[in-house]
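The values are calculated or read from the model by the stated rules, or taken from the named source; none is laboratory data. Bear in mind the structure is a predicted one, so any value in this text is a computation, not a measurement. Counting neighbours? That spans all protein chains shown, and the Cβs are built from the backbone with ideal geometry, glycine included.
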């Protein structure tokens with residue numbers, strides 16, 4: 001971040017033909033984009049890319065989701081064919097979609113923008129023991145960081161987080177509980193639609209898994225014990241984006257929980273984060289609060305895939321465009337507020 | 001509205017490759033667009049137009065705003081030159097901006113997309129008596145309805161409300177209080193930034209003006225007594241858009257208060273309304289609640305001009321695109337939720 005550019009952006013906001021503060025949260029976004037780019041006005045993100053990290057979860061065997069595990073691989077094919085929500089929303093805002101198999105249980109065929117970087121074929125069941133070894137967690141982190149670096153090297157100037165993994169709201173709830181300190185019951189939600197009995201089981205799984213963590217567990221240890229492969233990759237993706245100096249637009253609770261890991265590892269990365277939306281999942285609100293992020297879209301979505309991040313791209317662009325293109329009071333000859 | 005198309009849209013949402021309800025409020029928007037168009041999936045709005053109705057307010061003399069009255073005319077010139085926030089946001093979403101002088105105090109030069117339809121050069125001071133005669137209120141209503149009809153005839157398929165008028169949050173607060181029944185103190189906000197003393201004065205003005213209304217005053221009588229020329233035109237614009245079968249995307253508190261008038265005159269018009277955003281102005285929340293509308297953007301904007309409506313255009317388009325372009329479970333061969 002560049003404090004000079006942020007200061008310039010705040011000063012320029014005050015010159016624009018509008019009452020002070022009248023653009024609300026978009027003014028803050030314009031200041032953040034200026035700080036990230038080190039220039040005021042900031043460049044308008046022209047080439048966004050969504051990386052959809054896909055993985056499976058051993059905890060599925062504990063009955064935490066009503067969806068069959070093969071839906072993860074099925075949705076990877078849907079992403080490849082361009083038929084999922086994130087594909088539609090990415091086309092609408094001109095974003096590229098890259099799918100990354102970081103841990104799908106079944107084989108995935110590589111293809112254009114379908115990268116196979118499988119660390120293992122799904123995690124172990126976190127309700128019975130560690131989801132991953134420390135080495136696996138680190139390997140998945142590095143996959144994410146490398147994807148971010150590659151996308152930036154290919155000219156992408158705004159990175160969006162995406163995810164797919166049946167059962168992945170359970171490790172997310174664990175990460176949120178472990179890293180923000182909220183109770184398992186607060187961190188856990190109903191994911192893609194679970195009934196009361198499944199929900200109670202899910203809360204129990206989260207509670208017991210988090211209780212296993214050593215009080216001094218470092219962020220990678222937390223990730224290995226109760227996380228997921230896509231969560232690890234997303235944490236690395238956030239770090240890779242921040243390291244490359246590019247804003248990272250987060251999707252929902254999976255991304256939020258992964259961002260908690262990233263910021264625990266490198267607090268400086270927080271300055272590069274934008275929250276695309278607020279998911280219905282209660283753990284997401286806890287994560288956003290901990291990260292100090294205000295969501296741009298708040299429409300009760302709970303889909304994942306990067307859908308909430310893709311929806312927010314026009315709002316991020318609008319923030320940059322307003323700062324760059326609006327007339328100033330002096331330039332337009334408009335009188336100012338008195339007193 | 002077409003109930004068959006709405007039913008088709010709800011059924012199609014259930015077939016799309018996502019958990020039921022996972023697209024949140026966007027699913028409701030897709031159903032509403034289908035009902036309005038009478039087809040499922042609905043057409044994606046391709047040619048939006050913002051009509052920015054400008055007028056001045058005699059109540060400015062009562063000291064309800066810190067901004068000089070000539071800013072209204074100054075901003076009309078800023079709109080003409082393309083330098084205002086609404087111009088930037090309209091360019092970003094491909095919307096046309098049409099400015100309509102329905103009551104600016106000083107002369108406005110007509111020009112391309114600057115229509116001079118002045119009913120009178122600003123309202124009378126509503127703190128001392130009726131703002132408009134009934135005939136003037138009706139004339140301004142008709143200006144708005146005619147602009148809507150003309151824009152639809154010119155091929156615009158989504159109408160956005162815009163407004164400019166120094167002092168216009170005071171008549172808005174009066175309309176909200178009169179038409180929703182909330183107290184003047186609840187309906188009144190700080191507009192473009194007033195201090196405590198000005199705020200107290202503003203609440204008093206609203207309280208006394210609304211108290212003058214006869215208990216059986218019809219919506220046009222309310223508009224004439226405590227409204228504004230742009231409020232009247234916006235009410236007509238809403239009715240004209242609904243009559244032409246086109247969705248109307250509302251901006252903030254000025255549009256919300258005008259929509260209350262429109263819906264009081266023709267309750268059926270409510271089915272054509274979408275709320276672009278929620279303004280910081282407290283009266284806007286009261287108006288949205290009364291209208292049963294959920295705002296698409298909620299980012300503490302309080303600018304007017306149509307800025308909040310323009311920001312929401314990509315979200316409205318996204319709702320239509322998702323319903324039209326997403327794959328179905330059967331089509332994509334993705335397994336479904338069990339039980």
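Brief remarks follow.
- Out of B:153, B:95, sole residue that is within 14 Å of chain A (Cβ to nearest Cβ), within 22 Å of the chain's Cα centre (by Cα) and under 25 Å from residue B:309 (Cβ atoms): B:95
- Taken together, the criteria place residue A:294 among residues that are in contact with a strand residue (DSSP E or B) (Cβ under 7 Å, 6 or more places away or on another chain), assigned by TED's automatic domain parsing to the domain that holds residue A:188 and surrounded by fewer than 23 Cβ atoms within 10 Å (Cβ to Cβ).
- Residue count for the range B:174-203 satisfying the condition of being out of contact with any helix residue (DSSP H, G or I) (no Cβ under 8 Å at 6 or more places or on another chain), under 17 Å from residue B:64 (Cβ atoms) and without any contact (Cβ under 8 Å) to a residue 40 or more places away in the chain: 4.
- Filtering the range B:282-300 to residues that are within 12 Å of chain A (Cβ to nearest Cβ) and within 14 Å of the chain's Cα centre (by Cα) leaves B:294, B:295, B:296, B:297.
- Residue A:330 falls short on exactly one of the conditions (1) more than 9 Å from chain B (Cβ to nearest Cβ); (2) crowded, with 21+ Cβ neighbours inside 10 Å; (3) within 30 Å of residue B:68 (Cβ to Cβ), and that condition is (2).
- Residues in the range A:1-36 that are within 18 Å of residue A:331 (Cα to Cα) and part of a helix (DSSP H, G or I): A:8, A:9, A:10, A:11, A:12, A:13, A:14, A:15.
- Residue match in the range A:204-215 (condition: surrounded by fewer than 20 Cβ atoms within 10 Å (Cβ to Cβ) and touching a residue at least 60 places away in the same chain (Cβ under 8 Å)): yes
- Subset tally (residues that are within 9 Å of chain B (Cβ to nearest Cβ), touching a residue at least 12 places away in the same chain (Cβ under 8 Å) and within 28 Å of the chain's Cα centre (by Cα)) for the range A:9-26: 3
- Condition check for residue B:61: surrounded by fewer than 24 Cβ atoms within 10 Å (Cβ to Cβ), at the interface with chain A (Cβ under 10 Å from one of its Cβ atoms) and outside any loop (DSSP other than H, G, I, E, B): no
- Selection within the range A:301-324 - more than 7 Å from chain B (Cβ to nearest Cβ), outside any helix (DSSP H, G or I) and either more than 13 Å from the chain's Cα centre (by Cα) or free of Cβ contacts under 8 Å to residues at least 12 places away in the same chain (or both): none
- Residue match in the range A:263-271 (condition: without any contact (Cβ under 8 Å) to a residue 60 or more places away in the chain and assigned to a loop (DSSP other than H, G, I, E, B)): yes
- Of the criteria (1) at the interface with chain B (Cβ under 8 Å from one of its Cβ atoms); (2) free of Cβ contacts under 8 Å to residues at least 40 places away in the same chain; (3) surrounded by fewer than 22 Cβ atoms within 10 Å (Cβ to Cβ), which one residue A:66 fails: (2)
- Residue check, residue B:54 away from every other protein chain (no Cβ under 13 Å) and either at pLDDT 95 or above or farther than 26 Å from residue A:311 by Cβ (or both): yes
- Residue that is nearest to residue B:198 (Cα to Cα), among those in the range B:71-93 that are without any contact (Cβ under 8 Å) to a residue 60 or more places away in the chain and assigned to a loop (DSSP other than H, G, I, E, B): B:83
- Selection of the range A:96-111 for residues being in contact with a strand residue (DSSP E or B) (Cβ under 6 Å, 6 or more places away or on another chain) and loosely packed, with under 14 Cβ neighbours inside 10 Å yields only A:110.
- Residues satisfying the stated conditions in the range B:179-196, i.e. over 18 Å from the mean Cα position of the chain (by Cα) and not in a loop (DSSP other than H, G, I, E, B): B:184, B:185, B:186, B:196
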